[in-house]
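Remarks on the structure that follows.
The values are calculated or read from the model by the stated rules, or taken from the named source; none is laboratory data. Remember, predicted model here, so these are calculated numbers, not experimental data. For neighbour counting, all protein chains shown are included, and Cβ atoms are generated from backbone atoms with ideal geometry for every residue, glycine included.
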Amino acid sequence: MDCETNILKITDLHKSYPLRKGLSLPVLQGIDIKIKAGEMTAVMGASGCGKTTLINVISGVDRADSGSIIIEDTEITNMNKSQMAIFRRNHIGLIFQDFNLLESLNVKDNILLPLILDKNFSHGEELLQKLAAILSIEGITDKYITDISGGEKQRAAIARALINSPQIILADEPTGSLDAKSAKDVMEYLTTINQELQATLLMVTHDTFAASFCHKVILLKEGKIASVLEKGDKSRSIFLEHIYEFLKQIGGE
Amino acid sequence: MAFLKILFKMIRYNHKSYKLYMYCNTFTMTLLFAFLSICSNDSFMHSYYIDSKISYNILAPAALICLFTILFLPYAYKAFLKGRKQEYSILMTLGMTEREVIANMFLECLTVSSIGCIAGLICGSGLAALFFLFLRYTIGLTTIQWEFHISAYLAALILYTGVIIIILFINILEFIKANLAELMSAKQKEERKKRGTMPRLIIGCGTLFLSFFIMLSVYSSGKTNLSLLSMGTAIIGIALTVSNFDSVMPKNIKRNWKISISFLMQHQKSWKTVTFLSASLFGLLIFFSGLSITLYSNSLSNAMTYSPYDLFYVQDHISNRISSRKLEHILNNNGVSVSSRKKVEMLRNGAFNIISAKELHKKLGTNYQPVEGSYIQLFQEDLNDGYEHSLTPLGTLKIPLKNNQELPLQFQEQKIEILFNPCKSLADITIIVNDKDFQNIKKLAQGFIPQNAIMINLDNWKISGTAIRDLQNSMAELNNFSEEDQYVSSLSSKIQAYTAEKQASEVLTFWIFFVDLMFFAAADIMICFKIKSELKEETRMIFSLYRIGITAKEQWNILLKKNFCYFLPSLLLGIIFGIFYNYNVNNVYHYGHLGWVCAGIVSVIVLILQILITISVTKHECRKDFIFD
């Protein structure tokens, strides 16, 4: 895919939640984001600034009040629930903080679920082997979710998000439930995937260390974009310091 | 095919919740069908075979079972769906469409419900057979016949299917209404939302007071049909009070209760639902079991009151003709002898028994004085028998005469006194007239049959059962009775009335205690499953406490107090409800004290059982806990 193509284009996105007595709480207020193919982008900000809502709206889990979201030339804000589900199945990979794996299935079945739902699992086994090798989970594919560690669960969730070769991976705090070592491993795996498979990634995170692995960091404040930091040619450690400094300036967490 | 394989794996993993939901359906259908099949049994419900006092006693428990079906099935499905919702939301984030999820919900619910339904019909048939055996051989209702009526199957299927379709429809609508983000956080949100508010709590308490007011003021003044309204209002009051109690939760709770209550408050919405449902079940349990004990003693004394003579029958020119000598001979052969015998002349058509006041004075020593051209209406009722009575006077009567004229009789007054036993040969209404009017009616009236009421007392009525049966058979033989004649001309005796009341009371007590046992089990099963569903989270919390230094004894205390909060508030509410209504319903007939004492005894027994169950559940919970093993 051409790296200059915008995989995700968000224009003037608004979202608010109704409160009592006819009032509403604005969560996203005119967000504009463009993400190119193969780019790793982090969205950061204080709790309640709208990070998870942004991911939910992009993935169609929640609905925007107004604005436009175009994922690879397809406008998704007008889709109904079923169209959105099918679009999500074919074009989006989702990773959650609490993994959202089905305890009733083993790792292999969990990873293959998107293909099974799409009734398109002819190359499933092959893809699974490839992803398992990249994510180092070959040895646990027959294990049940309750029998594996948090880091392994998140790697299984990443494999599941990649199994349908999505145009974009949306990750909500992918390292939020993990210890420091597992978090580092997960980010390294995500980087490997980004490099080897040219996967596009948008993740929301509190973790500056995790954000430093990305090409770009978007800082949200009170539902608006406060700033966008580009990694450019900086090394990861310098970019990490850069993010720290900037967060201090804008009073982020 | 692969998706079906995945579904099968998910079902296998979640088999416990599927089984539990199926058991709930089977259990409900078993009870429903068993009761409906007895209700539709012609030989049980027909007064020709079984005294209607006995057969009608099944109607209230059957109505309770129908109510139970309407309440319990939605609860069971909701509990089942709670676990499934999380899986559905994950599948939807992966691209499963809403239509596919709804189809799945539909398929799951219908499959499990159908299996539960079929299993329930089979188990229900078995339970109905046990009921039949109990009624026939333990209670002694030998005339009841074994039969399964198609209407029982239809009624059970219609109610069951109707409830299932409605709950499925409501839950699917709720599902469609919610967006995916809400579904993903449904569990936490459900517990957090709908916190109690003070205004709603005040409305709840007000509704409870209103229900008490209806019962104390209006009901006591004789409008007994308002008891259901009062109970309905009380149930709404309990629901509002329970769901808003947290608005007045004191902030400075004793420290040793604080942790236990914090466990509870994490799941406060489901705690409120379970507490309301189990309080309603406990309330009905205590009310009905107390009532059935009160009625048991009451109805035996009623049998004696309504049968003042040991043997009573009506003799006319064709029926029940038997000489005194023959009658005494039959009785003597069965070890019973006549101690007194009276005969009262009367006239009867299809509607009235007409008796002369002079004849009554002479034979029974009464002192009724109807003036010429008037009548006294006799109500043979005991106003304190625990039942409602309709004492509506008839107004002016016109007795048709043979010369196509009419003899008018004015209403003079009404008297309430039991002079005769209830007897099928007597008309429903008895009037007492002046002797002159009586003689005129006897001579000139059209359609009146002269007959004699024969009233006999025996030396020992308690052993007269066989003698009365022999006498009935001999009379049937002597008078060439057909089966119908025998039914209409049957003798009325104290022993039969006593036996019928005893059987009716035993049957009622049996039904009520059976239903109560089911209610008790259902209430405690609901609470136990709620505790079980929270076990994982609770273990995590206990482990956190363990890390800051909690001991095994302290863990026991915390869990015991938490479980008391689950098991006891609903029972205490039920006890207040049960005792209050038992006192008031019975107080109208002067059995109030007996009523509350009976309900109180049941309450103490249930309370002791509940405390034992709480301790046992806590022991089980502590055994399950990995920390102190």
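Give me the pairs: first residue in segment B:42-66 and farther than 25 Å from residue B:157 by Cβ and in contact (Cβ under 8 Å) with a residue 12 or more places away in the chain, second residue among the acidic types (Asp, Glu) and surrounded by 19 or more Cβ atoms within 10 Å (Cβ to Cβ), beta-carbon distance under 7 Å, and six or more apart or on different chains, which are they?
Filtered contacts from segment B:42-66: B:53/B:501.
Among the candidates B:293, B:318, B:261, single out the residue that is surrounded by 20 or more Cβ atoms within 10 Å (Cβ to Cβ) and either at pLDDT below 90 or in the same structural domain as residue B:384 (by TED's automatic domain parsing) (or both). Don't jump to the end; show me each part of the working.
Values: B:318 fails: surrounded by 20 or more Cβ atoms within 10 Å (Cβ to Cβ); B:261 fails: surrounded by 20 or more Cβ atoms within 10 Å (Cβ to Cβ).
Within the list B:293, B:318, B:261, the selection yields B:293.
In the list B:353, B:320, B:332, which residue meets the criterion of being over 28 Å from residue B:450 (Cα atoms) and not small (Gly, Ala, Ser)? Working first, answer last.
Details: B:353 fails: over 28 Å from residue B:450 (Cα atoms); B:320 fails: over 28 Å from residue B:450 (Cα atoms).
B:332 is the lone residue from the list that is over 28 Å from residue B:450 (Cα atoms) and not small (Gly, Ala, Ser).
Of all residues in segment A:84-98, count the ones that are buried (at least 21 other Cβ atoms within 10 Å of the Cβ) and not in a strand (DSSP E or B).
Result for segment A:84-98: 5.
Tell me, which residue of segment B:172-214 that is in a helix (DSSP H, G or I) and among the polar types (S, T, N, Q) is modelled with the highest pLDDT?
So the first thing to find is which residues in segment B:172-214 are in a helix (DSSP H, G or I), and the list is B:172-177, B:180-184, B:186-192, B:198-214.
Next, only the ones that are among the polar types (S, T, N, Q) stay: B:188, B:207, B:211.
Details: B:188: 54, B:207: 93, B:211: 89.
Filtering first and then ranking leaves B:207.
Filter the helices (runs of 4 or more DSSP H) completely within segment B:434-551 down to those with at least 1 residues that are under 22 Å from residue B:317 (Cα atoms).
B:435-444, B:465-478, B:483-488
Residues checked against (1) surrounded by fewer than 18 Cβ atoms within 10 Å (Cβ to Cβ); (2) more than 14 Å from chain A (Cβ to nearest Cβ); (3) outside any helix (DSSP H, G or I); (4) at pLDDT below 85:
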site: B:63; (1), (2), (3), (4): yes, yes, no, no
site: B:77; (1), (2), (3), (4): no, yes, no, no
site: B:86; (1), (2), (3), (4): yes, no, no, yes
site: B:89; (1), (2), (3), (4): no, no, no, no
site: B:96; (1), (2), (3), (4): no, no, yes, no
site: B:152; (1), (2), (3), (4): no, yes, no, no
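Among the listed residues B:457, B:440, B:479, identify the single one that is surrounded by 13 or more Cβ atoms within 10 Å (Cβ to Cβ), of a type outside the set (D, E, K, R) and closer than 28 Å to residue B:298 by Cα. It would help to see each step written out before you state the result.
Numbers: B:440 fails: closer than 28 Å to residue B:298 by Cα; B:479 fails: closer than 28 Å to residue B:298 by Cα.
Of B:457, B:440, B:479, the one residue that is surrounded by 13 or more Cβ atoms within 10 Å (Cβ to Cβ), of a type outside the set (D, E, K, R) and closer than 28 Å to residue B:298 by Cα is B:457.
Among the listed residues B:474, B:492, identify the single one that is surrounded by 15 or more Cβ atoms within 10 Å (Cβ to Cβ) and in contact with a Cys (Cβ under 6 Å, 6 or more places away or on another chain).
Criteria check complete, one pass: B:492.
Would you check if there is a residue in segment A:120-127 being surrounded by 21 or more Cβ atoms within 10 Å (Cβ to Cβ), farther than 30 Å from residue A:219 by Cβ and within 9 Å of chain B (Cβ to nearest Cβ)?
No, the conditions are met nowhere in segment A:120-127.
Only one residue in A:57, A:61, A:27, A:43 is under 15 Å from the mean Cα position of the chain (by Cα), within 12 Å of chain B (Cβ to nearest Cβ), in contact (Cβ under 8 Å) with a residue 40 or more places away in the chain and closer than 28 Å to residue A:207 by Cα, so which one is that? Talk me through it step by step, then tell me what you get.
Details: A:61 fails: in contact (Cβ under 8 Å) with a residue 40 or more places away in the chain; A:27 fails: under 15 Å from the mean Cα position of the chain (by Cα); A:43 fails: within 12 Å of chain B (Cβ to nearest Cβ).
Only one candidate passes the filter, namely A:57.
Evaluate segment A:64-76: report whether one residue or more is surrounded by 21 or more Cβ atoms within 10 Å (Cβ to Cβ), within 10 Å of chain B (Cβ to nearest Cβ) and within 17 Å of residue A:171 (Cα to Cα).
The answer is no, given that none of the residues of segment A:64-76 is surrounded by 21 or more Cβ atoms within 10 Å (Cβ to Cβ), within 10 Å of chain B (Cβ to nearest Cβ) and within 17 Å of residue A:171 (Cα to Cα).
Collect the residues in segment A:151-208 that are touching a Ser or Thr at 6+ places or on another chain (Cβ under 6 Å), surrounded by fewer than 24 Cβ atoms within 10 Å (Cβ to Cβ) and free of Cβ contacts under 8 Å to residues at least 60 places away in the same chain, keeping them in residue-number order.
Residues satisfying the conditions are A:151, A:183, A:207.
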